[in-house]
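**Student:** Got a structure for you, questions after.
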Amino acid sequence: MAAPILDTPGDTRVDAPLTDELADAAFGLVDAGAQMAEQGLNPVTLTIGTFDDDAPFESWTHYPPGDARDSRSGVQIYYHGHRAGHEHGHFHIFLKAGDTASDVKSISAADEDATTLEADDLFHVIAITMDATGLPIELFTTNRWVTDEAMVTAKSILPLLDRLTCTDAFDAPLANQWFSHLFGLFRDDIAQLLVARDDALETINFALDDEAHEVLSSKPISILDRMEELGLFED
């Protein structure tokens with residue numbers, strides 16, 4: 001896989017003041033992860049289920065079957081893996097346009113012309129790279145051809161980021177809690193990467209179906225590092 005056009009390999013901090021919402025997201029994320037760990041689980045195993053020699057984890061296969069779909073927020077999620085050595089796999093996160101469709105603009109061709117989506121149209125928001133222990137280690141955005149859905153402008157997505165919540169997407173409540181808190185803790189990072197994605201698209205003349213360009217922006221993440229940056233470990 002080619003390196004992303006735009007990334008942030010050095011300082012990964014986002015300068016955001018500590019708020020009650022960020023603190024709640026951080027501690028809620030850690031708590032959900034800890035409760036999973038007590039059961040020998042993590043977000044990946046809750047998504048793909050336990051597997052053995054008769055049912056091994058298969059590259060490119062979407063987990064769970066039919067994707068996780070949240071009836072309230074319109075969030076849709078699937079997990080798969082195909083980047084050996086870099087990850088165990090990654091989650092792709094989508095939103096359904098829903099009742100905001102008239103305000104959501106998609107880049108429809110290899111130029112800047114935007115068209116309005118229909119209510120049932122999905123668009124990709126972000127992907128989350130997971131390591132072998134079930135921890136998130138990276139956020140990244142992709143070109144349109146990768147997930148083959150509408151490529152929506154960052155300007156249209158940013159006002160909708162508060163919709164990134166999970167209530168009933170997964171059968172396991174802990175998985176819903178984990179994703180909702182992760183989205184909250186790294187909301188500003190997601191916004192930053194979406195803007196960088198659109199900048200990258202401009203540099204390649206909006207070649208949405210050019211398979212030479214897969215990942216358009218990325219940055220490493222760490223839950224503990226973010227909590228330290230926010231001063232949550234201070235006395």
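**Student:** Ranked highest first by the average count of other Cβ atoms within 10 Å around their residues, in what order do 140-151, 95-106 fall?
**Tutor:** With the highest mean Cβ count within 10 Å placed first, the list reads 140-151, 95-106.
**Student:** Taking the mean number of other Cβ atoms within 10 Å as a proxy for protection, how do you rank 182-191, 157-166 from highest to lowest?
**Tutor:** Result, highest mean first: 182-191, 157-166.
**Student:** A further question follows. Could you list which residues have their amide H under 5 Å from that of Ile126, counting only those 5 or more apart in sequence or on another chain, with H placed in the peptide plane?
**Tutor:** Ile93
**Student:** So what's the angle, to the nearest 10 degrees on a 0 to 90 scale, between helix 20-38 and the longest Cα principal axis of the chain?
**Tutor:** So the helix axis and the longest Cα principal axis differ by about 60 degrees.
**Student:** Follow-up. Counting each pair of different Cα atoms once, what's the Kirkwood radius of the range 63-195 in Å, rounded to one decimal?
**Tutor:** 15.2 Å
**Student:** How would the range 129-174 be classified by its alpha-carbon gyration tensor: rounded, prolate or oblate, with rounded meaning a/c under 1.5 and the a/b versus b/c comparison settling the rest?
**Tutor:** In terms of gyration-tensor shape, oblate.
**Student:** Moving on to the next point. Put His82, His124 in order of accessible area, largest first, 1.4 Å probe: what do you get?
**Tutor:** Descending accessible area places them as His82, His124.
**Student:** Ser73's amide H: which non-local residues (gap 5+, or another chain) put their own amide H closer than 5 Å, with H modeled 1.01 Å from N in plane and none for Pro or chain starts?
**Tutor:** Excluding prolines and chain starts, which carry no amide H, the hits are Thr167.
**Student:** So for the chain, taking the charge dipole from beta-carbon charges (+1 Lys/Arg, -1 Asp/Glu), which of Leu224, Gly49, Gly89 sits furthest toward the positive end?
**Tutor:** Among Leu224, Gly49, Gly89, the one farthest towards the positive end of the dipole of the chain is Gly49.
**Student:** Based solely on its DSSP helices, what 222 nm [θ] is calculated for the chain when runs of n ≥ 4 H residues each add -39,500 (n - 2.57) and the sum is averaged over all residues, nearest 500 deg cm²/dmol?
**Tutor:** Rounded to the nearest 500, the figure is -8500 deg cm²/dmol.
**Student:** Put +1 on the Cβ of every Lys and Arg and -1 on every Asp and Glu Cβ in the range 67-176; which of Leu161, Pro136, Gly98 then has its Cα farthest towards the positive end of the dipole?
**Tutor:** In the range 67-176, that residue is Pro136.
**Student:** Can I ask one more? Compute the acute angle (0 to 90°) between the alpha-carbon long axis of helix 187-203 and the principal axis of greatest extent of the alpha-carbon atoms of the chain; round to the nearest 10°.
**Tutor:** Helix 187-203 and the main axis of the chain meet at about 30 degrees.
**Student:** Could you pull out every one of the lysines with an alpha carbon less than 21 Å from that of Lys219, ignoring same-chain neighbours closer than 8 positions?
**Tutor:** Lys155
**Student:** Let me ask something else. Order Phe206, Phe233 by their accessible area, 1.4 angstrom probe, all chains in place, largest first.
**Tutor:** Putting Phe206, Phe233 in descending order of accessible area: Phe233, Phe206.
**Student:** Whole number in Å², please: accessible area per residue of the range 115-235, 1.4 Å probe, ligands, DNA and RNA not counted.
**Tutor:** 42 Å²
**Student:** Under 8 Å for C-alpha pairs, at least 6 residues apart: give me the relative contact order for the range 156-235, rounded to a whole percent.
**Tutor:** In percent, rounded to a whole number, it is 20.
**Student:** Per residue of the range 170-176, in order, report the coupling 6.51 cos²θ - 1.76 cosθ + 1.60 (Karplus, θ = phi - 60°) as ³J(HN,Hα) in whole Hz, putting x for Gly and Pro.
**Tutor:** These are the phi-based 3J(HN,Hα) values: 10, 5, 8, x, 5, 5, 4 Hz.
**Student:** Kirkwood hydrodynamic radius of the range 183-235 from all distinct Cα pairs, in Å?
**Tutor:** For the range 183-235, inverting the mean 1/r across all distinct Cα pairs yields 13.1 Å.
**Student:** In terms of modelled amide H atoms, which long-range or inter-chain residues lie less than 5 Å from the amide H of Gly89?
**Tutor:** Met130
**Student:** From the Cα gyration tensor of the chain, with a ≥ b ≥ c the square roots of its eigenvalues, which class applies: rounded if a/c is under 1.5, or else prolate if a/b is larger than b/c, or else oblate?
**Tutor:** rounded
**Student:** Let me ask something else about it. Residue by residue through the range 57-66, what is 3J(HN,Hα) from phi via Karplus (6.51 cos²θ - 1.76 cosθ + 1.60, θ = phi - 60°)? Round to whole Hz and write x for glycine and proline.
**Tutor:** Result, ordered by residue: 5, 10, 4, 6, 5, 7, 10, x, x, x Hz.
The values are calculated or read from the model by the stated rules, or taken from the named source; none is laboratory data. The structure displayed is predicted, hence computed values, not measured ones. Cβ: placed from backbone, ideal geometry, glycine included. Neighbour counts: every protein chain shown. We work out accessible area using only protein heavy atoms, side chains counted, and drop any ligands, DNA or RNA first. Shrake-Rupley method; radii C 1.70, N 1.55, O 1.52, S 1.80 Å.
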